[in-house]
Amino acid sequence: MHEMALCESIRQIIEEQAGAQGFTRVERVALDVGAFSGVEVEALRFGFDVVMRGSLAETARLEIHQSKGQGWCLPCAREVEIAQRYDACPHCGSYQMQVTGGENLSIRELEVF
Amino acid sequence: MSQTRLIQLEADILGKNNGYAQANCAQFARDGMFVLNLVSSPGSGKTTLLCKTLEALKDTLDLAVIEGDQQTSADADRIRATGVPAIQVNTGKGCHLDAHMVGHAVESLKPAKGSVLLIENVGNLVCPAGFDLGEAHKVAILSVTEGEDKPLKYPDMFAASDLVLLNKVDLLPHLDFDIEEAEANVRRVNPRARVLRVSARSGEGMEAWMQWLKGGAMMASATLPATAPLAAE
Ligand SMILES: Nc1nc2c(ncn2[C@@H]2O[C@H](COP(=O)(O)OP(=O)(O)OP(=O)(O)O)[C@@H](O)[C@H]2O)c(=O)[nH]1
Ligand SMILES: [Mg+2]
Ligand SMILES: [Zn+2]
């Protein structure tokens, strides 16, 4: 649902960059999407095509780099990989977990003309 | 064919919203305001709970409300009927309030210094989680008719909320909702969250929620000078 709003933000950032960096067409847009960013990748792809229509990224290829969730296990005192926010530690089974990664949502890079 | 080039960005896609949220937050701090963002699925009882809270507190606190809905001004009308100023923000196709909308709403609402601003977000357990409004806390409302699994199904929202109100507990005798399990599920996604059982209908548990609210309001306004000091000389 709010993937549309996110695509609007992406379009705005691209347009600002086009002004600042002087390009006229975008060939590829690479995004970093964390497991806990709340983004549905298919909805993002759909929204991207709709929102970029008529923009300088109209024909751009969307590349999505998904990253796993990361948590800090208190008993183990180390970083572990988790698939869900509420997952137990894969090493000790503890739920005393602080999410430390996977909430990111950013434009990694643009390939432009 | 012209050559392509690479622009490395690392640009936060929510950066714009976060910028507006920080500006709102700074203004709220300057004005000693206590601001809450109420989030839930549709129909959990946000407006009912707000109306009851406003009725009880309007004589002791300065209150104001921002109502977010995709359509209609019905909820703001319900709030205004209590005598508390409210402004409706219709998000149209949008599924959440954003910090820019809230900034504008605050401009026209002009809440008093030291006041409590309650923002009822669009009924949606997904999207509002990612959009900070500049609030002190998100408060998630989960009604007991929705099922005890909701914190696990919508973990982002419950992880982002500092207080969870389990509403409509007056209905518990008629349901097989396991409230202990619901609380355990909240703790699994957010060990730091406070959980309170309330009924906006019967008034059960409302005292604890309002104590929490008054405590927050007192802390937020503590930075304001008690009376405007007269400039010396
Ligand atoms: N039994 C019972 N019903 C409640 C309680 N709180 C709210 N309701 C009822 O739940 C229904 C929805 O309440 P609202 O206050 O409109 O819910 P809301 O969360 O504001 O709904 P939206 O703004 O549409 O998302 C109404 O019929 C209320 O009367 C409660 O504590 N107990
Ligand atoms: Mg409502
Ligand atoms: Zn561990």
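The values are calculated or read from the model by the stated rules, or taken from the named source; none is laboratory data. What you are looking at is a predicted structure, and each value in this text was computed from that prediction instead of being measured. So basically every Cβ, Gly included, is an ideal-geometry build from the backbone, and we count neighbours across all protein chains shown. SASA here: full protein model, heavy atoms, side chains in, ligands and nucleic acids out. Shrake-Rupley method; radii C 1.70, N 1.55, O 1.52, S 1.80 Å.
Using Cα positions and a limit of under 21 Å, work out the lysines in reach of residue B:58, with same-chain residues fewer than 8 apart set aside. Cα-Cα hits under 21 Å: B:46, B:110, B:113, B:214. For the pair the stretch B:101-115 / the stretch B:51-84, the C-alpha centres are spaced 14 Å from each other. Under a Gaussian network description of chain A, with springs only between Cα atoms under 10 Å, the residue in A:82, A:64, A:13 that fluctuates furthest is A:13.
How much net charge surrounds residue A:99 when only other residues with a Cβ under 13 Å from its Cβ are counted (Lys, Arg +1; Asp, Glu -1)?
Charge balance in the 13 Å sphere: -1.
For chain B, B:25, B:51 have no disulfide-compatible partner, since no other Cys C-beta lies under 4.7 Å from theirs. Here the spin labels are modelled as points 7 Å beyond Cα on the Cα-Cβ line, and at residue A:65 and residue B:27 they lie 3.7 nm apart. Of the residues making up the stretch B:117-131, those losing 30 Å² or more of accessible area when the isolated chain is joined by the remaining protein chains, with a 1.4 Å probe, are B:127, B:131.
Annotation: aspartates and glutamates with alpha-carbon distance below 16 angstrom to residue B:52 (same-chain offsets under eight excluded): B:62, B:67, B:75, B:77, B:120, B:170, B:204, B:207. Checking every one of the trypsin sites (Lys or Arg not before Pro) in the stretch A:11-113 against DSSP loop status and a limit of 11 other Cβ atoms within 10 Å picks out A:53.
Peptide B:47-60 is shielded by partner chain Cβ atoms: per residue, an average of 0 of them sit within 10 Å of its Cβ. Computed from backbone phi with θ = phi - 60° and the Karplus coefficients 6.51, -1.76 and 1.60, the 3J(HN,Hα) list for the stretch B:100-113 is 5, 4, 5, x, 5, 4, 5, 4, 7, 6, 6, x, 5, 4 Hz; x is used for glycine and proline. Among the residues of A:102-113, the average count of other protein chain beta-carbon atoms within 10 Å of the residue beta-carbon is 5. Take the Cα of residue B:176, go 7 Å toward its beta carbon, and the backbone nitrogen atoms of the stretch B:140-154 under 18 Å from that spot belong to B:144-150.
Label point of residue A:24 set 7 angstrom out along Cα-Cβ; within the stretch B:1-36, amide nitrogens under 17 Å from it belong to B:1-5.
Build a GNM of chain B with springs between Cα atoms under 10 Å apart, and of B:94, B:123, B:114 the one that fluctuates most is B:94.
Ranking B:102, B:88, B:155 by Cα position along the charge dipole of chain B, where only Lys, Arg, Asp and Glu carry charges on their C-beta atoms, puts B:102 farthest toward the positive end.
Take the accessible area of chain B alone and of chain A alone, subtract that of the pair, and you get about 2700 Å² summed over both chains, using a 1.4 Å probe. Of the chymotrypsin sites (Phe, Trp or Tyr not before Pro) found in the stretch B:1-60, no site is in coil according to DSSP while having at most 16 other Cβ atoms within 10 Å of its Cβ.
Neighbouring Cβ atoms from other chains, within 10 Å of the Cβ of residues in A:36-42, number 3 on average. Among B:168, B:93, B:52, the residue with the largest mean-square fluctuation in a Gaussian network model of chain B, with springs joining Cα atoms closer than 10 Å, is B:93. Ligands, DNA and RNA left out, the 1.4 Å accessible surface of the stretch A:3-112 is 45% carbon and sulfur atoms. Amide H contacts of residue A:69 (H built 1.01 Å from N, in plane; Pro and chain starts excluded): A:35, A:82 sit under 5 Å, all sequence-distant by 5 or more or on other chains.
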